Amino acid sequence: MIELDNVSLAYAGRTGPVLALEGADIKVAKGEFAAVVGPSGCGKSTLMKLVSGLVKPTKGVVKVNGYQVNGPVKLAGMAFQNSNLLPWRTVIENLMLPLEIVEPYRSNFRSKKDEYRAKGEKLLDTVGLTGFGDRFPWELSGGMQQRASLCRSLIHEPALLMLDEPFAALDAFTREELWCVMRDVWERLRFTVVLVTHDLREAAFLADTIHIMSARPGRIIESRTVDFARPRDLDVCYSSPFTDLVHTLRNKIAEVRQA
Amino acid sequence: MNRNVETLAPWLFTIAIFVVWELICRLFNVSSIILPAPSEIFQAAIRFWGPLMRNSWVTLWTTLAGFLMAVAFGLLLGLFVGWSRTIYRGLYPVMIGFNSIPKVAVVPILVMWFGIGEIPAILTAFLISFFPIVVNVATGLATIEPELEDVLRALGASKLDVMRKVGIPRAMPYFFGSLKVAITLAFVGAVVSETIAANAGLGHLMTQAGSNFQMPLVFAGLLALAVLGIGMYAITAWIEGRMTGWAFRSQQSAGG
Ligand SMILES: Nc1ncnc2c1ncn2[C@@H]1O[C@H](COP(=O)(O)OP(=O)(O)OP(=O)(O)O)[C@@H](O)[C@H]1O
Ligand SMILES: [Mg+2]
């Protein structure tokens, strides 16, 4: 699904080019849940932008779905640390925003509006926001806004979901709750996910593979498969193989930060 | 109960100011050439009711004409400037430079071009008031959260889509907020221009009355200006509240 081959990217910084990524290689299979971890500023968000076609690599090739990426990929859903909901739209209208842009929904948006609304309501049910469709975003708590933001990134049934620290601003309980929401949605739809996170437990709980990046300029220095049986229960987080994995990941990143 | 006091307070204060003013004029025997008492001003207002109304009307429509031109032009230019961050960065200093020219200095030029009359007043009102509209609309557009733009572009949204779905609705509170400022400035522009060169309007009436030493009439003109100014401000403020309620309510929310 995703293939980065020796990709480098330099931003035109104020005082000369800033090399954010250098020689990054990564492969994510269709339907795989991949997590990317690494020290702050190592180029994780940059990696996401490359994959979704928002920036072009300075060197190397980015392929999505077998095709070289030359512009916005048009099939990705994205969610970030901030929910970025539009305050002048109700929750359900926010969810329908992607449908106003992506084909084939876009062309028949007017005629099928009711159908799409029902689709949105159903998605809200799955994340525990039943009945909140007609509220405005500011009437929701931070965690609820984040759920709505997840729904918005999923409404057009994207083949690829890009998540950049979507749970980082939440409290521990809400976060674990949303892990389970994410797990259930993914088990059901099996789209490809790239999740950037600072939370190693989150990566270990959700992902099939964890890619560890070096300090800037970022490179993938290690990819690990996580083979806990699915569907995973939150209890797995307290098993000793899990804590061992988290521990190794932690040491690896500490090591990278030193270098 | 408390609410009532709060809504009444501005009226009470206004009346109190007039009462104190009247008292000062009477106690210290202030000459009406220096500072006429409110009672004299109201008398003058009644005596010259016709001319006051006629000139108020001229000032009102020149202000509104200039203001509407400023709204149309300001919206268009604001959309253009805010369209891309590059244009925004490039044009912003130019506009600041333009805005720092005192527009009063332009009035004589306008008079030379268009002659004495309403047109210089309209144009001054326009020139002085379009700037805050441009800046506000452009800022509203140019400060779209980059992440939100990424979300939309990753879906294949064009620049026009981003502007229609996010930029323009987002700029609306900025736009309506700037109307309050713009109408006040347009009013200032129109009156200043009338004072310098016109044959109608409250500014003209006041200069005429001043040169005839009819101070009560000058102050009656001032009073008319205050009423007009407050009225126009109140209407734009009301429109702002009606059109962009979500912006106020979302600011009060905890979730941000
Ligand atoms: N628009 C830009 N212009 C110049 N430099 C940039 C730009 N965006 C990012 N950078 C630089 O590129 C590097 C990688 O940035 P990126 O946002 O990808 O890091 P990150 O891994 O997502 O960090 P974090 O974990 O803190 O979110 C950083 O050192 C940053 O300074
Ligand atoms: Mg980041």
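Normalising by the residue count of the stretch B:164-256, find the relative contact order in percent from Cα pairs under 8 Å and 6+ residues apart.
About 34 percent, as a whole number.
What is the Rg over Rh value, at two decimals, for the stretch A:1-72, using alpha-carbon atoms and the Kirkwood definition of Rh?
Rounded to two decimals, Rg/Rh equals 0.97.
In peptide A:96-104, how many Cβ atoms from other protein chains are near each Cβ within 10 Å, on average?
4
Counting each DSSP H run of 4 or more residues in chain B as -39500 (n - 2.57), what helix-only mean residue ellipticity at 222 nm follows after dividing by all residues, to the nearest 500 deg cm²/dmol?
-27000 deg cm²/dmol
Under the rule a/c < 1.5 gives rounded, and otherwise a/b versus b/c splits prolate from oblate, where does the stretch A:2-258 land using the Cα gyration tensor?
Oblate shape, in that a/c is at least 1.5 and b/c is the bigger or equal ratio.
How would B:161, A:134 rank on accessible area, largest to smallest, probe 1.4 Å?
Most to least solvent-accessible, the answer reads A:134, B:161.
If packing is taken as the average count of other Cβ atoms within 10 Å, what order do B:55-64, A:248-257 fall into, highest mean first?
B:55-64, A:248-257
Could you pull out every whole DSSP H run in chain B that spans at least 27 Å of Cα extent along its own axis and averages 0.0 or higher on the Kyte-Doolittle scale?
The qualifying helices are B:2-27, B:49-83, B:118-142, B:168-196, B:215-243.
Rounded, prolate or oblate: which fits chain B when a ≥ b ≥ c are the square roots of the eigenvalues of the alpha-carbon gyration tensor, with rounded for a/c under 1.5 and prolate only if a/b beats b/c?
It is oblate, given that a/c is not under 1.5 and a/b is not larger than b/c.
Peptides B:70-76, A:121-127, B:128-134: what's the order by average Cβ count within 10 Å, highest mean first?
Going from most to least packed, we get B:128-134, B:70-76, A:121-127.
Out of residues 5 or more away from residue A:20 or on other chains, whose amide H comes under 5 Å of its own, with H placed 1.01 Å from N in the peptide plane?
For residue A:20, whose amide H was placed from the backbone, the distant partners under 5 Å are A:9, A:10, A:11.
If you count the DSSP beta bridges with both ends in the protein assembly as shown, what percent of them are antiparallel, to the nearest 5?
55
Which far-off residues, 5 or more places away or on another chain, put their amide H under 5 Å from the one on residue A:60, with H placed in the peptide plane?
Amide H to amide H, under 5 Å and 5 or more residues apart or across chains, residue A:60 pairs with A:8.
Using alpha-carbon positions, what is the distance between the centroids of the stretch A:59-127 and the stretch B:92-139, in Å?
Result: 44 Å between the Cα centres.
Give me the mean projected area, in nm² to one decimal, of the convex hull enclosing the Cα positions of the protein assembly as shown.
Result: 33.5 nm².
Can you work out ³J(HN,Hα) from phi for every residue in the stretch B:28-33, in order, using Karplus 6.51 cos²θ - 1.76 cosθ + 1.60 and θ = phi - 60°, giving whole Hz and x for Gly and Pro?
Result, rounded to whole Hz: 9, 6, 5, 5, 6, 6.
The values are calculated or read from the model by the stated rules, or taken from the named source; none is laboratory data. Fair warning: this is a prediction, and the values are worked out from it, not measured in the lab. As a convention, Cβ positions derive from the backbone with ideal geometry for all residues, glycine included, and neighbour counts pool all protein chains shown. SASA here: full protein model, heavy atoms, side chains in, ligands and nucleic acids out. Shrake-Rupley method; radii C 1.70, N 1.55, O 1.52, S 1.80 Å.
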